[in-house]
1. Is it the case that Ile206 is touching a strand residue (DSSP E or B) at 6+ places or on another chain (Cβ under 9 Å), without any contact (Cβ under 8 Å) to a residue 60 or more places away in the chain and of a type in the set (Val, Ile, Thr)?
2. Could you check Ser265 against (1) surrounded by 13 or more Cβ atoms within 10 Å (Cβ to Cβ); (2) in contact with a Phe, Trp or Tyr (Cβ under 7 Å, 6 or more places away or on another chain) and say which number it fails?
3. Looking at Ser242, Ser256, which one is of a type in the set (S, T, N, Q), more than 15 Å from the chain's Cα centre (by Cα) and closer than 22 Å to Arg62 by Cα?
4. Right, Arg227: charged (D, E, K, R) and over 20 Å from the mean Cα position of the chain (by Cα) or not?
5. Can you tell which of Pro121, Pro101 is modelled with pLDDT of 95 or more and out of contact with any Ser or Thr (no Cβ under 7 Å at 6 or more places or on another chain)?
6. From Val32, Val48, which residue is more than 24 Å from Leu231 (Cβ to Cβ) and either surrounded by 18 or more Cβ atoms within 10 Å (Cβ to Cβ) or touching a Pro at 6+ places or on another chain (Cβ under 7 Å) (or both)?
7. Since Gln277 meets every condition but one in (1) among the polar types (S, T, N, Q); (2) part of a helix (DSSP H, G or I); (3) in the same structural domain as Val150 (by TED's automatic domain parsing), which condition does it not meet?
8. Within the group Ala149, Ala161, which residue is surrounded by 24 or more Cβ atoms within 10 Å (Cβ to Cβ), within 21 Å of Leu221 (Cα to Cα), over 16 Å from the mean Cα position of the chain (by Cα) and at pLDDT 95 or above?
Amino acid sequence: MLDDARAFWVMAPGRGEIRGESLRRPVEGEVVIKALYSGISRGTEALVFDGRVPPSEWERMRAPFQQGSFPAPVKYGYSMVGRVEHGPDSLAGRTVFVLHPHQTRFIVPAGDVHVLSDTDPARAVLAANLETAVNGVWDARPHVGDRIAVIGAGTVGCLVAWLVSRVAGCEVELIDINPGRAAVARALDVQFAEPSAASPDSDLVIHASGTPEGLELALQLAGVEARIVELSWFGDRAVPLSLGRAFHARRLTIVSSQVGRIAPSQRPRWDGRRRMQLVFSLLRDPTLDVLISGESAFEELPELMATLARAPGDTLCHRIRY
């Protein structure tokens, strides 16, 4: 057996702990990775931590290399950066990204790692969120010159706003109830507004607030025959919508987006590996460091997850240091 590892587990809804694990010897085609950093995808991981994944989604919501089952005990997470300790010569010693739960050392097939050639490893914890944002923008299909509202200035919403702001001529407004997000918007070079001051008649609305109120606002801001793309995942929450007002008269369209499948417009030519390589090229931009809102040691994860699930404050992406 290899040296023991330690992993973060959700032991019961609202309670996590770090448990020891023994690693077997790797076989041919596998790599041993020592963790450097992982990132907390706060929205989804808070739902998992609180046991709010509905039974209908237990299988679809399984993360790569997840152990245990929903609601608990479960080892969950999917944004890990580490260094290959053992593996093929082409990977040995390389810094890599892998979709894996929070754990100090682990074994995965070599084909599941992504080498970080010139991407800052500390920034690479944003990769999973940026992959979601890229897929969301593909689903949104922005056009040159669009007026675009992005509702929800969490990590994914900020990344979406940053991406669509690069489309020529687009006027992008990032909307959030937290006025403190204005500073983040400025760093990303996009406009910011609180909901009461948001601009109407958008050509495209992308919702990522994770709240029913945010989706309701999306209906209000969308212009005639506009497209609303829903990036939030609500877990077991019911979401009421006012579809009896101007929804039909303005012929609005609500489209879901989920990172688990490549957007239909790209699917004939793209796969997950090509999409992830795009993500790493985008992560070369140091501007995105503004989305790393804090860092904690791995040993602090049980208390940290409880805090982030209940009182997230100004948290965007929280980085875990090993």
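The values are calculated or read from the model by the stated rules, or taken from the named source; none is laboratory data. The structure presented is a predicted model; accordingly, all values stated were derived computationally and were not measured. Using ideal geometry, Cβ is built from the backbone for each residue, glycine included, and neighbour counts are taken over all protein chains shown.
1. Criteria not met by Ile206.
2. Ser265 satisfies all of (1) surrounded by 13 or more Cβ atoms within 10 Å (Cβ to Cβ); (2) in contact with a Phe, Trp or Tyr (Cβ under 7 Å, 6 or more places away or on another chain) except (1).
3. It is Ser256.
4. It is true that Arg227 is charged (D, E, K, R) and over 20 Å from the mean Cα position of the chain (by Cα).
5. Pro101
6. Val32
7. Gln277 satisfies all of (1) among the polar types (S, T, N, Q); (2) part of a helix (DSSP H, G or I); (3) in the same structural domain as Val150 (by TED's automatic domain parsing) except (3).
8. The conditions single out Ala149.
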